[in-house]
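The values are calculated or read from the model by the stated rules, or taken from the named source; none is laboratory data. Only a predicted model underlies this, so the values are computations on that prediction, with no experimental measurement involved. In this analysis, Cβ positions are derived from the backbone assuming ideal geometry, glycine residues included, and neighbour counts consider all displayed protein chains. Ligands, DNA and RNA are excluded from the accessible area calculation, which covers all protein heavy atoms including side chains. Shrake-Rupley method; radii C 1.70, N 1.55, O 1.52, S 1.80 Å.
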Amino acid sequence: MAERKGYSEFRTGWPVVLASMLGIGLGLSPVPFYTIGMLAPELSREFGWAFGDIMAGLPIMTFAVLVASPAVGFLADRVGVRPIALISMVLFALSFMAFAANPGDIRFFYANWAIMAALGAGTLPITWTRAVNNRFDERKGFALGLSLLGTGVFGFLVKPFTAFIIDAYGWRAAYLAVGALPLLIALPVAYFAFHDVGDRRQTAAERQASASFRTAATPGLTFQETLRNWRFWVLAIAFVPISFAVGGPIPNMENITKTAGFSPSEVVSLVSLIGLSVIVGRVAGGWLIDRFWAPGIAFVMLTAPAFACWMFAHGDLTYATAAGSIFLIGFAAGVEYDLMAFLVARYFGLKSYGAIYGSLYGFFALGAGIGPVVFGRAFDADGNYDRPLMMSAVLLVIGAGLLLMLGRYREFGAADPVQSTAATEAKPS
């Protein structure tokens with residue numbers, strides 16, 4: 001019966017999954033993150049900027065996201081996810097293209113990161129996963145994994161695409177070409193296919209009334225109740241070291257492998273494994289958390305890369321061991337986003353999903369933004385990445401271990417809005 005219900009969910013919900021996959025994959029979360037490693041050497045060569053100074057754009061984006069993501073979550077809960085996602089996608093694309101106009105002023109560069117983050121925050125998984133969570137229950141984890149598959153697919157494709165444009169036309173053209181991808185690929189599909197449950201043309205008054213009804217009728221905890229729940233703070237604390245440890249090596253991976261002694265052609269082939277491993281992590285992680293207790297699955301998947309970081313820090317890697325280490329790191333990156341969305345739905349419900357996810361994403365972004373800079377500064381100081389890699393190995397074990405404290409899933413009664421906040425405990429699946 002569950003298999004039949006799961007099939008029915010995909011039969012009606014696949015357009016939303018497809019639109020979400022493209023929207024997330026070509027949005028703020030992966031595109032700047034995966035392209036900075038290709039563009040940083042060009043900017044350094046053109047303007048004489050230090051590698052660590054260029055990577056400082058990522059924490060600037062992070063702090064802007066810390067402010068913008070909760071606001072986007074509240075707006076999504078209030079007016080719906082569709083208008084937020086569509087408008088933000090256009091603004092993100094244009095602001096990414098604006099990097100091409102940089103005259104060589106590092107202040108312009110940093111301001112562009114902040115503006116892009118604020119305008120593009122609606123393309124983060126906050127919006128897209130709300131619609132997916134609303135349409136799926138039995139196969140929620142798998143649907144979320146497929147929706148977030150875009151980060152792996154485009155993470156795999158955007159690096160060689162960026163490298164090709166740089167070689168053929170220069171780094172300014174690369175910013176323009178990559179920035180055009182959301183407009184040419186994701187936006188048309190999202191316009192026709194991305195609709196949340198209950199979406200229809202409404203007046204402003206109707207939207208406000210339906211939003212109020214949706215909030216009352218949707219099972220789960222309110223945002224205020226969630227902030228008083230200890231599980232929220234366990235997740236918030238856990239995702240900072242996890243995102244630091246996974247987010248730090250990835251944008252620096254070109255330089256990490258180069259420093260390890262691999263040739264330029266080997267570096268390109270090794271780095272391309274990140275996108276492939278993210279894809280595997282998305283699909284496998286989503287399938288597993290539907291069937292087993294998600295924190296336990298996360299512990300296994302997030303502690304394995306600790307060994308990979310240790311291997312890179314100790315050097316003397318063969319091509320095969322480097323490939324395996326990169327695969328483990330990318331696999332962990334593939335698990336992170338859908339895990340967060342899944343845990344929010346299972347432990348807090350969907351009543352205030354946007355606000356809760358947006359707030360947790362801010363903590364996640366904090367670690368992911370600081371990580372690349374710490375790695376870049378360490379390389380500028382030491383000429384290698386040994387110290388931050390060992391730090392990441394320890395932090396992965398700590399962060400993954402914290403997830404084991406979450407305990408059993410919560411069940412929320414859907415029939416009575418008043419009773420929906422009274423959650424009862426369920427056994428780990």
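Tabulated values for the structure
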read-out	value
Percentage of interatomic Cα-Cα distances in the range 275-346 larger than 18 Å	38
Highest-MSF residue in the chain out of Tyr110, Tyr361, Tyr353 [GNM, Cα springs under 10 Å]	Tyr110
Residue among Leu144, Ser265, Ile329 farthest towards the positive dipole end of the chain, charges placed on Cβ	Leu144
Potential extension, Ala101-Ser263 segment - 0.36 nm per residue separation minus Cα distance	55.1 nm
Globularity ratio of the range 316-414, using Cα Rg and 2.2 N^0.38 Å	1.36
Cα gyration tensor category, rounded, prolate or oblate, for the range 84-196 with a/c compared to 1.5	prolate
Rounded to the nearest 20 debye, dipole of the range 1-138 from Cβ charges on Lys, Arg, Asp, Glu	400
The chain: most fluctuating residue of Tyr319, Tyr34, Tyr385 per GNM, C-alpha cutoff 10 Å	Tyr319
Average projection area in nm² (convex hull over Cα atoms of the range 1-94, one quarter of hull surface)	8.6
Cα-Cα separations in the range 63-133 greater than 18 Å, expressed as whole percent	39
By accessible area with a 1.4 Å probe, ligands and nucleic acids excluded, highest first: order of Thr318, Thr35	Thr318, Thr35
GNM flexibility winner over the chain from Phe348, Phe109, Phe292 (Cα, springs under 10 Å)	Phe292
Rounded to whole Å, sorted largest first: equivalent-ellipsoid semi-axes of the range 39-96, Cα gyration tensor	32, 14, 5
Rh by Kirkwood over Cα pairs, then Stokes-Einstein D for the chain at 1.567 mPa s and 4 °C, µm²/s	60
Crossing angle, helix 294-314 versus the chain [Cα axis fit, 0-90 degrees, rounded to tens]	10
Heavy-atom SASA rank of Trp128, Trp233 (probe 1.4 Å, accessible area, largest first)	Trp233, Trp128
Heavy-atom accessible surface of the range 79-206: percent carbon and sulfur, 1.4 Å	70
Tensor-based shape of the range 222-357 (alpha-carbon gyration tensor, a/c under 1.5 rounded, otherwise prolate or oblate)	prolate
Lys, Arg +1 and Asp, Glu -1 on Cβ, resulting dipole of the chain about Cα centre, debye, nearest 20	1080
